[in-house]
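Worksheet for the structure shown next.
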Amino acid sequence: MGYYGIFKITGRLDVREVIQVSRLNGFPFPFTKDQYTYSNNSVPLDPAKTITVTADYKNELELKRKLLQKHHHRCFRSLPLSMESQWEIMLLLFNELASCNPESFTFQKKGDECLFQNHLLEEEEAFVFRDVSTIALEPLDLVGRHVQEDLILMGDRHNGLFLEAGQLCFPSNWSLAFVQGMEFKSIHNPVPGIQNDGFIDKVERFISKIRPGTVWERKNWSITVTNMLDTPLETYSVWGKHRQEVTCENAGDLIHLRVEVQRLFRLPMNHDVLFTIHTYLLQLNDLIQQESWFKSFYQNIKTLPEEIAEYKGISTYRTELIRFLENHMEKERRGQ
Amino acid sequence: MRPILILSEVRFKKDGLKEKELQKENGSSVELKLIDSPVDRKKIEQILKDKPLGTMLILYTGGAARKRIRRAANSAGFSHEDVRIGKMDTGTYCIFCSQCHRINRTASLEKSIICISCGQHLEPSNHYSSFQDAYLGYPIL
């Protein structure tokens, strides 16, 4: 829900309060325990939705399309063998957009003739299913321009999962160009402790056993300094330097909790796996307004193992962040 | 023991022979075939066609040849894990520039390099892509 909606209903909140309420309401807070734990925290979703349309739809789509226009080679990659699954994904997502948000999208299919209408952007896509001559972009690249999520296609081959196509505009410090064509397990090699106790094998087994038509969701968190959604490895020199700028005075403004709502869906026709990533950012100043979230966030940051803090890029300013949180705690205690 | 087929470009013959000896000592039935570069896919398909089920393929070739052989092997029914890359004494490692995607060559993974294309200072990592046949180079600020 956008903040205008809330403003109309209450009529009494000032604008800053209204914006805060809205951001907190829709934010997928990731911590369920007051201590950092390493787990495959996936849950099945009912109904089985792979995407979500939020109030930020138009802004995020505008940014996404700008990035695709300017850095297409960085933001979209595909292998030729991914085409069939790309078509299946396009159909699936257009269908889902229309059935879950009928006021904003419509989709009609008569035989192989398809028409998708995006009423929010006042656009339409007419195409013939599986006929590449009727679309100007590859199917995944086209449908990705109508959803907020980054879209990754994992080909399920008999000897593992392979990244065979992706449209990735809002990555958290990784490169689609590098991981294209790689096996699921190799992609995750840099994650500390991922090989311990066969953890990554278990995760791969879990994914390979997801049944067609079902969706599993997990939340993955990290921290972004500034409010940039697009933080690919390719532009690390631009956004990475801000990590040095965090102090215990400005942490509330600069630091944003970044949550990726990741969903896994088995494609019923081609049996490959669609992996969607919806990225949300919440400024620390907003987060600390919610007492339970603040406490949980503080405990998780405090108990984060050093190698994970390093991997998530938090080590540089962890001391400043903790000091900011403790100062806030002290102020609250004094009732200031 | 799985039968083993070693495909080696002539320039890596020494490494291929070493591998053959090593596998023989381990008791495997092993065959070494020297191939010319650039690799002729049809010839490779011919070689692979009659190999017994479960044969392991070990490659001593450059990156371009490796891709072609992998494709031919996959078409011939070899799985990803049936194809292994031999450790060659090429004296060089390929580093994928995370900023501009250029693949650089270096003699060591221990030392930082400057990307020849974009000039970014890179730290080689041990994150390896068999698809790119290169290690990821992280930017140093």
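The values are calculated or read from the model by the stated rules, or taken from the named source; none is laboratory data. Every value quoted in this text rests on a predicted model; they were computed, and no experiment measured them. Cβ placement follows ideal geometry from the backbone for every residue including glycine, while neighbour counts extend to all protein chains displayed. Note: areas computed on protein heavy atoms with side chains; ligands, DNA, RNA excluded. Shrake-Rupley method; radii C 1.70, N 1.55, O 1.52, S 1.80 Å.
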* Among the residues of segment A:214-225, is there at least one that is of a type outside the set (Phe, Trp, Tyr), in a helix (DSSP H, G or I), closer than 28 Å to A:Leu67 by Cβ and open to solvent by 50 Å² or more (accessible area, probe 1.4 Å)? -> no
* Asked: If you take the residues of segment A:226-248 that are in a loop (DSSP other than H, G, I, E, B) and without any contact (Cβ under 8 Å) to a residue 40 or more places away in the chain, which of them is nearest to A:Ser42 (Cα to Cα)?
  -> A:Met228
* If you go through segment A:241-262, how many residues are open to solvent by 30 Å² or more (accessible area, probe 1.4 Å) and under 16 Å from A:Thr50 (Cα atoms)? -> 0
* Structure fact -> Per the list (1) more than 28 Å from A:Leu281 (Cβ to Cβ); (2) not assigned by TED's automatic domain parsing to the domain that holds A:Glu62, residue check on A:Gly213 breaks on (2)
* Those residues of segment A:284-305 which are within 20 Å of A:Val246 (Cα to Cα), open to solvent by less than 40 Å² (accessible area, probe 1.4 Å) and of a type in the set (S, T, N, Q), in sequence order -> A:Asn285, A:Asn300
* Wholly enclosed strands (runs of 3 or more DSSP E) of segment B:57-141 bearing at least 1 residues modelled with pLDDT under 85, within 14 Å of another protein chain (Cβ to nearest Cβ) and surrounded by 14 or more Cβ atoms within 10 Å (Cβ to Cβ) -> B:83-85
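Would you confirm, using the coordinates I've provided, whether B:Val30 is more than 13 Å from B:Ile69 (Cα to Cα), without any contact (Cβ under 8 Å) to a residue 60 or more places away in the chain and touching a Leu at 6+ places or on another chain (Cβ under 6 Å)?
Values: more than 13 Å from B:Ile69 (Cα to Cα): yes; without any contact (Cβ under 8 Å) to a residue 60 or more places away in the chain: yes; touching a Leu at 6+ places or on another chain (Cβ under 6 Å): no.
No, not satisfied.
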* Cross-chain or 6+ apart pairs with Cβ under 7 Å, segment A:274-287 first and assigned to a helix (DSSP H, G or I), then charged (D, E, K, R) and surrounded by fewer than 23 Cβ atoms within 10 Å (Cβ to Cβ) -> A:Asn285/A:Asp253; A:Asp286/A:Arg23
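For A:Leu281, indicate whether it is open to solvent by 10 Å² or more (accessible area, probe 1.4 Å), closer than 17 Å to A:Thr231 by Cα and of a type in the set (A, V, I, L, M, F, W, C). Steps first, answer last, please.
On the way: open to solvent by 10 Å² or more (accessible area, probe 1.4 Å): yes; closer than 17 Å to A:Thr231 by Cα: yes; of a type in the set (A, V, I, L, M, F, W, C): yes.
Yes; evaluated as a whole, the condition is true for this residue.
Any residue in segment A:199-208 that is among the charged types (D, E, K, R), outside any strand (DSSP E or B) and open to solvent by less than 10 Å² (accessible area, probe 1.4 Å)?
Filtering segment A:199-208 for residues among the charged types (D, E, K, R) gives A:201-202, A:204-205.
Within this subset, residues satisfying the condition of being outside any strand (DSSP E or B) are A:201-202, A:204-205.
Add one more test, that the residue is open to solvent by less than 10 Å² (accessible area, probe 1.4 Å), and what stays is none.
Looking through segment A:199-208, none of the residues is among the charged types (D, E, K, R), outside any strand (DSSP E or B) and open to solvent by less than 10 Å² (accessible area, probe 1.4 Å).
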* Asked: Residues of segment A:110-163 being open to solvent by 20 Å² or more (accessible area, probe 1.4 Å) and of a type in the set (Gly, Ala, Ser), which ones?
  -> A:Gly111, A:Ala126, A:Ser133, A:Ala136
* Inspect all residues belonging to segment A:322-336 and state whether any of them is open to solvent by 70 Å² or more (accessible area, probe 1.4 Å), among the polar types (S, T, N, Q) and in a loop (DSSP other than H, G, I, E, B). => yes
* To do: Select from segment A:131-171 the residues that are within 14 Å of another protein chain (Cβ to nearest Cβ) and of a type in the set (Gly, Ala, Ser) and list them in ascending order.
  => A:Gly155, A:Gly160, A:Ala165, A:Gly166
* All positions within segment B:69-86 that are in contact with a Phe, Trp or Tyr (Cβ under 9 Å, 6 or more places away or on another chain) and touching a residue at least 60 places away in the same chain (Cβ under 8 Å) -> B:Gly86
* Structure fact -> Residues of segment A:28-50 being among the aliphatic types (A, V, I, L, M) and either part of a loop (DSSP other than H, G, I, E, B) or within 19 Å of A:Leu282 (Cβ to Cβ) (or both), in sequence order, are A:Ala48
